[in-house]
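The values are calculated or read from the model by the stated rules, or taken from the named source; none is laboratory data. Since the structure is predicted, the reported quantities are computational estimates derived from the model, not experimental observations. Neighbour counts are summed over all protein chains in view; Cβ atoms, including those assigned to glycine, are modelled from backbone coordinates with ideal geometry.
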Amino acid sequence: MDVKRGMKTINVVAAVIRDSGRVFATQRGYGENKDGWEFPGGKIEPGETPQQALVREIEEELDTRIKVGELLTVIEYDYPAFHLSMQCFWCRIVEGTPVLKEHEAARWLRLEELDSVDWLPADRAILPLIRDKLISEAIT
């Protein structure tokens with residue numbers, strides 16, 4: 001419980017999976033935020049590093065193995081019922097093709113398509129950093 005905010009803090013990790021100037025987005029298929037778009041990931045289990053949690057979550061949710069790269073950012077966001085602390089990492093697929101096990105849809109989005117889906121608020125906060133990276137890669 002975060003005493004300062006008076007609400008529970010949920011610690012999660014998110015994979016910003018890149019490939020050929022695109023990022024992978026998923027649409028939630030369940031829960032309070034059903035139908036919202038997000039970067040895949042999930043909760044960190046006791047004893048796991050954030051990187052281990054991300055590898056496990058992506059294997060569980062997408063039947064795909066990833067390599068976790070550098071930390072992009074940590075998003076702190078207050079939802080009505082809880083505080084979200086989300087560590088976001090650049091990732092790439094090393095084995096498999098994503099298979100949706102928990103999500104209802106997924107898309108590979110190019111820079112100009114980032115605003116074409118209805119992002120969940122915490123995930124929307126990452127978009128400026130992703131834009132900067134994709135633009136700098138396109139220039140070089």
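Within the option set G47, G42, being within 14 Å of N11 (Cβ to Cβ), under 13 Å from the mean Cα position of the chain (by Cα) and not in a helix (DSSP H, G or I) holds for one residue only, G42. Note on the range 45-66: among residues that are in contact with a helix residue (DSSP H, G or I) (Cβ under 9 Å, 6 or more places away or on another chain) and either of a type outside the set (D, E, K, R) or exposed (fewer than 13 other Cβ atoms within 10 Å of the Cβ) (or both), the one that is farthest from R18 (Cα to Cα) is E45.
When I10 is tested against (1) among the β-branched types (V, I, T); (2) modelled with pLDDT of 95 or more; (3) under 15 Å from M86 (Cβ atoms), just one condition goes unmet, and that condition is (2). A single entry from L134, L114 fulfils the requirement of being surrounded by 13 or more Cβ atoms within 10 Å (Cβ to Cβ) and more than 21 Å from G36 (Cα to Cα): L134. Taking the conditions (1) acidic (D, E); (2) without any contact (Cβ under 8 Å) to a residue 60 or more places away in the chain; (3) outside any strand (DSSP E or B) in turn, D35 satisfies each one other than (2). In the range 87-102, the residues that are under 15 Å from E61 (Cα atoms) reach residues that are of a type in the set (S, T, N, Q) and surrounded by 11 or more Cβ atoms within 10 Å (Cβ to Cβ) with C-beta atoms within less than 6 angstrom, at least six apart or across chains, in these pairs: I93/T64; G96/T64; P98/T64.
Scanning the range 116-140 for residues that are without any contact (Cβ under 8 Å) to a residue 12 or more places away in the chain, not in a loop (DSSP other than H, G, I, E, B) and not charged (D, E, K, R) gives S116, P128, S136, I139. Against the test of being acidic (D, E) and touching a helix residue (DSSP H, G or I) at 6+ places or on another chain (Cβ under 6 Å), the options E137, E102 yield a single qualifying residue, E102. The set of residues in the range 86-111 that are assigned to a loop (DSSP other than H, G, I, E, B) and surrounded by 13 or more Cβ atoms within 10 Å (Cβ to Cβ) comprises G96, P98, L100, E102. Screening the range 87-130 for residues that are of a type in the set (V, I, T) and within 19 Å of G69 (Cβ to Cβ) and picking the one that is farthest from the chain's Cα centre (by Cα) gives V94.
Residues checked against (1) modelled with pLDDT of 95 or more; (2) among the β-branched types (V, I, T):
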residue	(1), (2)
K34	no, no
P50	yes, no
A81	no, no
V94	yes, yes
V99	no, yes
R107	yes, no
